[in-house]
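S.K.: Can you read through this structure? Questions will come right after.
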Amino acid sequence: MSAGSRWRRNVVAAVVGLVVLLAPAASVGVVGGGAPFVAGASGAGDPYFPFAGNGGYDVQHYDLDVTYTPPAPAPAPLTGRLDGVATLRLRATQNLDRFNLDLRGMEVDRVLVDGGQARKVPPPSDGETVEGRAYWQVQDDAARTWELTIQPRPSIKAGRVVRVVVRYHGDTTRPRDIEGVLYGWVTTRDGAMVVSEPEGSMTWYPVSDHPTDKATYRFEITVPEGKVAVANGLPARKPTTRQGWTTWYWRAPDLQASYLTTASVGDYELRRSETPAGLPIIDAVDDGVTPANLATTNASLALQAEMIGFLDQFGHYPFNSAGAIVDDDSVGYALETQTRPVYSRVASEGTVMHELAHQWFGNAVSPYRWADIWLNEGWATYAEWIWSEEQGRDTAQQQFDAVMAIPADDPFWDTVVADPGPLGLFLGPIYDRGAATLYALRTKIGDAAFLAGARRWVARYDDGTARTADFEALFERVSGQDLDEFFDVWLHTPEKPTAW
Ligand SMILES: [Zn+2]
């Protein structure tokens, strides 16, 4: 994610403080031979977002078939309508009596598990048992808990793969994250901007909404004829039109964290090109982008192939395609949705470099916990620094010096970069002190060890997640140095570093 209004809101975030919710413990259900069948946890175990993601299974693949009706022209309300059928292939990682999916603001109409239909029941109270194959929903905005619970029958043995179909519908609005910032399926006048970091994908499909459960995706997005729907990856086939509705088909066969899915809808012009190495680039630019913004955007997007070549120093581009979605509306920031970042109103050169760098740092290697967000934003900001130097503008050293010119008593230095709290994910220091940490590390261990470490980081954790402790251990190994004090000063201490 990049700039806009996000990282200038540090004062508000600091005042509001932490919100910590406790996820309920898993409860024991039917006991068979061997390990008992128990309920999967209602969260992935991330202390910042206790109900995001789920336990007891691993989603391998999502097939998302959604029909979207955008809002009517103004002054009609800015509300759309979504009708979806999600087909998930998931593998039980324990003997499962029941399991949860995350789904916010959508009503479930039908659930099938391996073809067997579940009946809808009210949420049972604690200790109350439910007979047979069933499902229920809890939608608690105050507790930020949005769960669909499915009780399969027969229960699912550990290791088994099942096919779960969820049919659902709902009005789409403009959802907000824990900080009050727009995210998820953000309804726009001419379509939708779909940007879901950290746990906004649950606003438009049933999902295990945490980066630790990556999966592959296919999309069938049906919109009124004339609208264009753009998702991750590559077109699976040509769009088809029937009775005034056009269906767009996309496939994303590379493992993907849920917050990086998009299915944005607008009056887009699609442009196809490729890098010298043959990587397909698909850009979608809204016809409502202003002429001045369009000139900036076109100049930046024309650099994508060169930028991807520059970033090859960290390893080959990790996915099957690249590109951009530039919408004429704004959520206040850009997001590195996998293969195809979403930009608000304009794509500036620095932001395009930032979101492209995330394809390696954030998308190929994702945070294990949201506390590890600096590993996304620090690297992406560092990439902006070295690209600027490469282009003959400010050097990385000059940008490091600018960060270090911030006075020691400035609140900028009060953030613990490796544990900023759920309201601190997108504070300025996550970006700038994060990048400064990487630059200081490079200066300390030398260019060769630093680059070798960066490459090993991507190769080692590609398609998965990693945490700050993994980062520290890897760079100690690669440099042969004890870096405990260095990391303590830079990442774990809410003070300006003076010696390291
Ligand atoms: Zn970013």
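The values are calculated or read from the model by the stated rules, or taken from the named source; none is laboratory data. Quantities reported herein were computed from a predicted structural model and do not represent experimental measurements. Neighbour counts run over all protein chains shown; Cβ positions are idealised from the backbone, glycine included. Accessible surface areas use protein heavy atoms only, side chains included; no ligands, DNA or RNA. Shrake-Rupley method; radii C 1.70, N 1.55, O 1.52, S 1.80 Å.
S.K.: Using Cα positions and a limit of under 19 Å, work out the aspartates and glutamates in reach of Lys227, with same-chain residues fewer than 8 apart set aside.
M.R.: Excluding near neighbours in sequence, the set is Asp65, Asp83, Asp171, Asp190, Asp267, Glu269, Asp283, Asp286, Asp287, Asp327, Asp328, Asp329.
S.K.: Can you give me the Cα centroid spacing of segment 258-289 and segment 40-93 in angstrom?
M.R.: Using only Cα atoms to place each centre, the spacing works out to 22 Å.
S.K.: A further question follows. Express in nm, to one decimal, how much length is gained between Asp447 and Asp140 on full extension, taking 0.36 nm for each residue of separation and deducting their alpha carbon distance.
M.R.: 105.5 nm
S.K.: Based on the mean of other beta carbon atoms within 10 Å per residue, what is the order of 190-197, 397-404, most packed first?
M.R.: Descending mean neighbour count gives 190-197, 397-404.
S.K.: Now for a separate question. Using Cα pairs closer than 8 Å and at least 6 residues apart in sequence, work out the relative contact order for the chain, in percent.
M.R.: Taking the mean separation of contacting Cα pairs over the length of the chain, I get 13 percent.
S.K.: Have a look at Thr145, Gln94, Trp185 and report the one farthest towards the positive end of the charge dipole of segment 61-197, computed about the Cα centre with Cβ charges (Lys/Arg +1, Asp/Glu -1).
M.R.: The listed residue farthest towards the positive side: Gln94.
S.K.: Distance in nm between label sites at Ala473 and Glu389, each 7 Å beyond Cα in the beta-carbon direction?
M.R.: About 3.0 nm separates the two model spin labels.
S.K.: A follow-up question, please. Report the dimensions of segment 41-115 along its three principal axes from the alpha-carbon atoms, largest first, rounded to Å.
M.R.: 51, 35, 19
S.K.: If you put +1 on each Lys and Arg Cβ and -1 on each Asp and Glu Cβ, how big is the dipole of segment 84-181 around its Cα centre, in Debye rounded to 20?
M.R.: Charge dipole, segment 84-181, about its Cα centre: 620 debye, nearest 20.
S.K.: Under a plain spin-label model, where a point goes 7 Å from the Cα along Cα-to-Cβ, how far apart in nm are Arg272 and Asp410?
M.R.: Here the answer is 4.8 nm between the modelled labels.
S.K.: With all protein chains present, how much of the accessible area of the chain (probe radius 1.4 Å) comes from carbon and sulfur, to the nearest whole percent?
M.R.: 51
S.K.: In vacuum, with every alpha carbon of segment 278-428 counted as one equal point scatterer, what does the Debye formula give for log10 I(q)/I(0) at q = 0.11, 0.12, 0.18, 0.21 Å⁻¹? Two decimals, please.
M.R.: Per q value, in the given order, log10 I(q)/I(0) is -0.46, -0.55, -1.17, -1.39.
S.K.: Taking θ = phi - 60°, what integer Hz values does the Karplus form 6.51 cos²θ - 1.76 cosθ + 1.60 yield along segment 336-346, in sequence order, with x for Gly and Pro?
M.R.: 7, 2, 4, 6, 8, x, 9, 10, 8, 6, 8
S.K.: At q = 0.10 Å⁻¹, what is the base-10 log of I(q)/I(0) for the chain according to the Debye formula with one equal point scatterer per Cα and no solvent? Please give it to two decimals.
M.R.: For the chain, the Cα-only Debye profile gives -0.77.
S.K.: Cα convex hull of segment 128-173: how many Å³ per residue?
M.R.: Details: hull volume 6.6 nm³, N = 46.
With only Cα atoms used, segment 128-173 gives 144 Å³ per residue.
S.K.: How much accessible area per residue does segment 277-345 have, counting only protein heavy atoms and a probe of 1.4 Å, in square angstrom? Before the final figure, lay out the partial values.
M.R.: Details: 2060 Å² over 69 residues.
For segment 277-345, the per-residue accessible area is 30 Å².
S.K.: Using the charge dipole of the chain (Lys, Arg: +1 at Cβ; Asp, Glu: -1 at Cβ; taken about the Cα centre), state which of Ala418, Ala499, Ala459 has its Cα farthest towards the positive end.
M.R.: Ala459
S.K.: So for each of 225-234, 264-273, 98-107 I average, over its residues, the number of other beta carbons within 10 Å; can you give me the resulting order with the highest mean first?
M.R.: Details: 225-234: 21.5, 264-273: 19.0, 98-107: 23.7.
Descending mean neighbour count gives 98-107, 225-234, 264-273.
S.K.: On to the next question. Dipole magnitude of the chain about its Cα centre, charges +1 at Lys/Arg Cβ and -1 at Asp/Glu Cβ only, in debye to the nearest 20?
M.R.: Charge dipole of the chain: 1760 debye, to the nearest 20.
S.K.: Leaving out same-chain residues fewer than 8 places away, which aspartates and glutamates sit with a Cα under 16 Å from that of Lys157?
M.R.: Asp58, Asp97, Asp114
S.K.: Treating only the Cβ of Lys, Arg, Asp and Glu as charged (+1, +1, -1, -1), what charge dipole size does segment 435-481 show about its Cα centre? Round to the nearest 20 debye.
M.R.: Dipole size: approximately 100 debye.
S.K.: Hey, if you put +1 on the Cβ of every Lys and Arg and -1 on every Asp and Glu Cβ in the chain, which of Ala292, Ile386, Ala396 ends up farthest toward the positive end of that dipole?
M.R.: Positive-most Cα among the choices belongs to Ala292.
S.K.: Expressed as a whole number of Å, what is the distance separating the alpha-carbon centroids of segment 145-161 and segment 357-408?
M.R.: Taking the Cα centre of segment 145-161 as reference, the centre of segment 357-408 is 41 Å away.
S.K.: In square angstrom, what is the accessible area per residue of segment 359-453 with a 1.4 angstrom probe?
M.R.: For segment 359-453, the solvent-accessible area averages 30 Å² per residue.
S.K.: With no solvent and one equal point scatterer per Cα, compute the Debye intensity ratio I(q)/I(0) for segment 298-372 at 0.13 Å⁻¹ and report its log10, rounded to two decimals.
M.R.: Ignoring solvent entirely, the Cα scatterers give -0.37.
S.K.: So which lysines pass the test for Lys496, namely a Cα distance under 29 Å, with those fewer than 8 places away in the same chain ruled out?
M.R.: Within the straight-line limit of under 29 Å, Lys496 reaches these lysines: Lys444.
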